[in-house]
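The values are calculated or read from the model by the stated rules, or taken from the named source; none is laboratory data. Small disclaimer: the values here were computed from a predicted structure and weren't measured. No Cβ is skipped: glycine too gets one built from the backbone with ideal geometry, and neighbour counts run over all protein chains shown.
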Amino acid sequence: MRVALDGWTPRSAATAPRVYGTGVAIMISAVWFIIDSILSFNEETTTTGTLFFLAGTLELLIRPVIRLTRKTRIRTVSANSNTNDF
């Protein structure tokens, strides 16, 4: 049995969560920022470039907000399920 370090226990590859969308989301965000950079060179397209920058920033913000919401929800459900129902 492995010893846990600071409350952390290693997981095997079979039990580790699979995260496929992270790389795709980061690449899409990178594309938004590249388009913003290109459009910011011209004064006429600066506003459109700013909108692409905003889209990339919001895309980077969505995943942590979803994770935080999920963790908060799980803690709430776990706290409520510790009562003795039977």
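Could you list, in sequence order, all residues of segment 71-82 that are among the charged types (D, E, K, R) and at pLDDT below 85? Give the steps one after another, and end with the answer.
Narrowing segment 71-82 to residues among the charged types (D, E, K, R): 71, 73, 75.
Matches in segment 71-82: Arg73, Arg75.
Pairs under 6 Å by beta carbon, first residue on the phi < 0 side of the Ramachandran plot and at pLDDT 90 or above in segment 46-70, partner outside any helix (DSSP H, G or I) and surrounded by 10 or more Cβ atoms within 10 Å (Cβ to Cβ), six or more apart or different chains?
That search, which allows pairs on different chains as well, returns Thr46/Ser40; Gly49/Ser40.
May I ask you to list the residues in segment 25-45 that are surrounded by 11 or more Cβ atoms within 10 Å (Cβ to Cβ), in a helix (DSSP H, G or I) and either small (Gly, Ala, Ser) or modelled with pLDDT under 90 (or both)?
Going through segment 25-45, the residues surrounded by 11 or more Cβ atoms within 10 Å (Cβ to Cβ) turn out to be 25-26, 28-40, 45.
With the extra rule that they be in a helix (DSSP H, G or I), the set shrinks to 25-26, 28-39, 45.
Correct list: Ala25, Ile26, Ile28, Ser29, Ala30, Ser37.
Would segment 1-24 turn up any residue that is modelled with pLDDT of 60 or more, part of a helix (DSSP H, G or I), closer than 25 Å to Val65 by Cα and in contact with a helix residue (DSSP H, G or I) (Cβ under 7 Å, 6 or more places away or on another chain)?
No, there is no match, as no residue in segment 1-24 is modelled with pLDDT of 60 or more, part of a helix (DSSP H, G or I), closer than 25 Å to Val65 by Cα and in contact with a helix residue (DSSP H, G or I) (Cβ under 7 Å, 6 or more places away or on another chain).
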